[in-house]
Amino acid sequence: MTPPLRLVPQAGPSVWTGAALTPSDWMVPIGAEAAAEIEAALVALAGRPPGGPADAPLPGLAPVLRGIAERLEHGRGFALLRGLDLARFAGPATEAALLVLGAHLGTALAQDEAGALVGRLAGPGTGAEAPARFHADPADAVALLCLRQTREGGRVTLVSAPALHNALLKSDRAALTALHAGLPHRNGGGEPLHIPVFSTASGSFVGRYDRDAMLEEALEEAQRDALAALDAAAAAAGQALTLALHAGDILFLNPHLVWKQVLAGEVPAADEASRELLRLWLATPGSRALPESFGAVFGTTAAGAPRGGVPVAGGMVGG
C-alpha cells in the first residue's frame, strides 16, 4: 500500500521571490578580456565543437562558469552573465562562442530532430497567439544569449518552482497534492505519460511544468483547478522576477528549480531590429536525480548522467 503523501515546505536559496532579490543576487559581470579568451578558444578549435572544457580553455572565465554551475544546482537556480562584447563575434561565431561557454557547464543537447545544438528564438510576435505560461525545458541547464533586443518588451520572467510549492502549501493543499500526482502528458499516440509537476528524487526537489505537453482533454477537473492555482500563484505580486536582457547578456537557469516565461514584446518600429536570442540546452555532470517518470522525457534519470534534449536518430544525443 502506498503511504500517503507528506507535504513539507522546501528550504534553501532556491526558494526565493522576485520582490526579495536585488541585481547583486543574480548578476555576474565580466570584463572585456572575456571575449578575447573565447576568441582564442575558437581559433584553437578551428571549427570543431568543443567536447569538454579541456578543448576550450578559458583561464579567466572558467572559474566564473564553475561558480555559475554551483549557483544553478545549489544556489538560487539562475544567474545572469553580463558584459560579453558581441562585436567580437559574427554569424556562426556567436553560436560557437555559446557552445564554448556551455562546454564548461556540461554537454550540449539536441534541440530538434536534425540534431541542432543551438536554438534561435526570434521576436517580437513569435508565439504571440499562445498563452504565455511558465515553462521548464527538457535539460539540466539552459543558457539564453541575447543577440539583440527591442527598445520595449521582450523581457524574460523567472519564478522559483520550490517557492511556488511553498505558496500552494499555505494557500491550497488540495492543489499541491494534485500537482504531486502524475498529470497526463502526450506520448506519441501511446498511453498517456503521467508526470508530476512537483516531486522529489533521492531527497532533492524537482519541478517540471510543460503545459504544452499535457493532454488537456485528459485532465480531470481537480487537475485543471490545481494548474489554475499554480498559474495564479506564479502571477501573484512579487512572486516572479522579470529581467530586461541586454545584447551580450547570457541567462543561465536550472529548469528543475526555475521556470521561465519569454515574452515577445511589442512589434518594433520599421527601423528597429527584432529581438533575437540563442538557446543552449545542457546535461550537467552535477545534476540531481530525477523521478523515474521523467525517464520518458530525459531518457535516463540518474544524477549526473547525459540526458534530455530532443531524440535524434532514435536516441537522446548531445554534442
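The values are calculated or read from the model by the stated rules, or taken from the named source; none is laboratory data. Not measured: the values here are computed from a predicted model. For neighbour counting, all protein chains shown are included, and Cβ atoms are generated from backbone atoms with ideal geometry for every residue, glycine included.
Take Asp137 and decide whether it is under 23 Å from Arg148 (Cβ atoms), touching a strand residue (DSSP E or B) at 6+ places or on another chain (Cβ under 9 Å), among the acidic types (Asp, Glu) and at pLDDT 95 or above.
yes
Quick one: what pairs do we get from the stretch 250-263, first residue among the polar types (S, T, N, Q), second assigned to a strand (DSSP E or B) and buried (at least 24 other Cβ atoms within 10 Å of the Cβ), C-beta under 6 Å, 6+ apart or different chains?
Asn254/Ala141
So Gly309 ticks every box in (1) modelled with pLDDT of 95 or more; (2) of a type outside the set (Lys, Arg); (3) touching a strand residue (DSSP E or B) at 6+ places or on another chain (Cβ under 9 Å); (4) closer than 25 Å to Trp16 by Cβ but one. Which box is left unticked?
Here Gly309 clears every test but (4).
Condition check ((1) assigned to a strand (DSSP E or B); (2) farther than 28 Å from Leu72 by Cα; (3) not small (Gly, Ala, Ser)) across all residues:
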{"site": "Asp137", "(1), (2), (3)": "no, no, yes"}
{"site": "Ala167", "(1), (2), (3)": "no, no, no"}
{"site": "Pro184", "(1), (2), (3)": "yes, yes, yes"}
{"site": "Gly190", "(1), (2), (3)": "no, yes, no"}
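Condition check ((1) closer than 14 Å to His104 by Cβ; (2) acidic (Asp, Glu); (3) assigned to a helix (DSSP H, G or I); (4) under 24 Å from the mean Cα position of the chain (by Cα)) across all residues:
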| residue | (1), (2), (3), (4) |
| --- | --- |
| Pro9 | no, no, no, yes |
| Glu37 | yes, yes, yes, no |
| Pro50 | yes, no, no, yes |
| Leu58 | yes, no, no, yes |
| Glu70 | yes, yes, yes, yes |
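Could you say whether any residue in the stretch 64-74 is exposed (fewer than 14 other Cβ atoms within 10 Å of the Cβ), of a type in the set (Asp, Glu) and under 30 Å from Leu164 (Cβ atoms)?
So far as the stretch 64-74 goes, yes, one or more of its residues are exposed (fewer than 14 other Cβ atoms within 10 Å of the Cβ), of a type in the set (Asp, Glu) and under 30 Å from Leu164 (Cβ atoms).
Can you work out which of the residues in the stretch 103-116 that are in contact (Cβ under 8 Å) with a residue 24 or more places away in the chain and out of contact with any helix residue (DSSP H, G or I) (no Cβ under 9 Å at 6 or more places or on another chain) is nearest to Pro63 (Cα to Cα)?
Result: Thr107.
Scan the stretch 244-260 residue by residue and report those that are hydrophobic (A, V, I, L, M, F, W, C) and modelled with pLDDT under 95.
Ala244, Leu245, Ala247
Can you confirm whether Leu80 is modelled with pLDDT of 95 or more and farther than 18 Å from Leu158 by Cα? Explain how you work it out, then say what you get.
Details: modelled with pLDDT of 95 or more: yes; farther than 18 Å from Leu158 by Cα: no.
Spelling it out, it is not the case that Leu80 is modelled with pLDDT of 95 or more and farther than 18 Å from Leu158 by Cα.
When only residues in the stretch 11-35 that are assigned to a helix (DSSP H, G or I) and in contact with a helix residue (DSSP H, G or I) (Cβ under 9 Å, 6 or more places away or on another chain) count, which is farthest from Thr242 (Cα to Cα)?
It comes out as Glu33.
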